[in-house]
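Data first, discussion second: the structure below is written as structure tokens.
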Amino acid sequence: MKTPFPPRRLLLLAALLPALTVAAATATRDEFLAAKQSASAANFRNDRPGLEAAVSTFARLAGDHEWAGRARYHAAWCEWMIAATHFQDQKPAEAVAVLESGVARLRQVLAESPDDAEAHALLGWMLMAVGSGDPKRFPELAPLVRTHRGRALELAPRNPRAVMLDATLLCYSPKPETRARGFARWQETLELIGVEQIADPTQPDWGRTLADGWLANLILILDPARPGEARAHAEKALREQPDWWWVRTQVLAKLPPAG
């Protein structure tokens, strides 16, 4: 049977294939990183459509086996942030629906990579949020949150996103001594984020500015006698991210006037 390509052309195609493969991989990586960056910016702006656009990109990239785990993780992260916009609008049912989508994605990640500490930690965060939006399910969800928190800390005890989850859960305890431990863990979180270095930018790295804004709000919810400390964290977050809508319009609004 006669080949449709002359031998010289076959050799040329063979030489070009590796370069084409590298170019395609580079284009996928660039698209992933652009979606990750735009998702972070959209979150600070309270831009739900921007987050939804990032979810669509990550969902498509999840069809590539090499990128599936990272893409599903980051799509779930975006859905967690989208849920926050629904909570802000007093729409818990809509928040829970989008959280459930993210939970399903993370379970896919863990089905293929059961020792992924980042996925365990984010799944703990998202299940806790589901319980906030649908309190009647909390008895069912609480053991799952504890399981994923424990597994994340077992696999990566110095991971700031896992430590932040642990700190938050401790802070919501009714016991003052446990809450004190929670705030100590929050301080540890801030220290870990401050020194964290991630060589691969496609991996999870969120938390640096978010931690200060979230901690400011947590201090106000659980211990209103410390507005000065809350303000310090909120202002630090805004120095790093001046357009963080939620801290600027919601957290600062709960604080007494400065001075």
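The table below gives the values:
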read-out: Looking only at segment 69-96, and only at residues there that are small (Gly, Ala, Ser) and either buried (at least 17 other Cβ atoms within 10 Å of the Cβ) or at pLDDT below 95 (or both), the one that is farthest from ASP243 (Cα to Cα); value: GLY69
read-out: Restricting segment 196-212 to residues that are assigned to a loop (DSSP other than H, G, I, E, B) and aliphatic (A, V, I, L, M), the residue that is farthest from ALA121 (Cα to Cα); value: ALA199
read-out: Qualifying residue in segment 103-110 (condition: under 17 Å from ARG70 (Cβ atoms) and in contact with a His (Cβ under 9 Å, 6 or more places away or on another chain)); value: yes
read-out: Scan of segment 219-234 for residues that are farther than 18 Å from ASN46 by Cα and assigned to a helix (DSSP H, G or I), ordered by number; value: ILE219, LEU220, ILE221, LEU222, PRO227, GLY228, GLU229, ALA230, ARG231, ALA232, HIS233
read-out: Single condition GLU112 does not satisfy, out of (1) touching a residue at least 40 places away in the same chain (Cβ under 8 Å); (2) over 21 Å from ALA62 (Cβ atoms); value: (2)
read-out: Sole residue being exposed (fewer than 14 other Cβ atoms within 10 Å of the Cβ) and under 17 Å from the mean Cα position of the chain (by Cα), chosen from ILE193, ILE221, ILE198; value: ILE198
read-out: Subset of segment 97-119 (residues that are surrounded by fewer than 22 Cβ atoms within 10 Å (Cβ to Cβ), in contact with an Asp or Glu (Cβ under 7 Å, 6 or more places away or on another chain) and among the small types (Gly, Ala, Ser)); value: SER101
read-out: Among the residues listed as VAL55, VAL98, the single one being closer than 23 Å to TRP214 by Cβ and in contact with a Cys (Cβ under 7 Å, 6 or more places away or on another chain); value: VAL55
read-out: Given (1) over 24 Å from ARG48 (Cα atoms); (2) in contact (Cβ under 8 Å) with a residue 40 or more places away in the chain; (3) among the hydrophobic types (A, V, I, L, M, F, W, C), number of the condition ALA121 does not satisfy; value: (1)
read-out: Of all residues making up segment 235-254, the number that are surrounded by fewer than 17 Cβ atoms within 10 Å (Cβ to Cβ) and assigned to a loop (DSSP other than H, G, I, E, B); value: 2
read-out: Residue in segment 149-158 that is touching a Leu at 6+ places or on another chain (Cβ under 6 Å), over 20 Å from TRP214 (Cα atoms) and either assigned by TED's automatic domain parsing to the domain that holds GLN90 or surrounded by 21 or more Cβ atoms within 10 Å (Cβ to Cβ) (or both) present; value: no
read-out: ALA62 being surrounded by 15 or more Cβ atoms within 10 Å (Cβ to Cβ) and at pLDDT 95 or above; value: yes
read-out: Residue selected from segment 57-88 under the condition among the polar types (S, T, N, Q) and more than 11 Å from PHE32 (Cα to Cα), by the criterion nearest to the chain's Cα centre (by Cα); value: THR85
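The values are calculated or read from the model by the stated rules, or taken from the named source; none is laboratory data. Keep in mind that this is a model prediction, so the values were computed, not measured. Every residue, glycine among them, receives a Cβ derived from its backbone with ideal geometry; neighbour counts consider all protein chains shown.
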